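Bear in mind these aren't lab numbers, they're just calculated from the coordinates by the rules spelled out. Everything numeric here is computed off the predicted structure, so don't read it as measured data. No Cβ is skipped: glycine too gets one built from the backbone with ideal geometry, and neighbour counts run over all protein chains shown.
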Amino acid sequence: MDLISFKNTHDQQVYINPQQVAYVTRFEDAVTVIGLAIPHNGSHLQLYVRGGAEEVRQRLLGHYHRNG
């Protein structure tokens, strides 16, 4: 299992398994929400990471296609 590193909005390093990503959506210009297919309070676990939504998608997809 390969994990991709992102910085969250508190400048902490977070690691995401691209195979668990349920959705990626824009929150603000430089902040993206990544929803993981992990149940949390009746919904998906969400992480707010730094970077535009398209940039985040490309990193996740590029990594997945190389290793998936």
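When Cα Rg over 2.2 N^0.38 Å is computed from the coordinates, the matching label among (i) 1.03; (ii) 1.45; (iii) 1.10 is (i).
Assuming charge only on the beta carbon of Lys and Arg (+1) and of Asp and Glu (-1), the dipole of the chain about its Cα centre is about 120 debye to the nearest 20. Counting 0.36 nm for each residue step from residue 17 to residue 30 and taking away their Cα separation leaves a gain of 2.6 nm.
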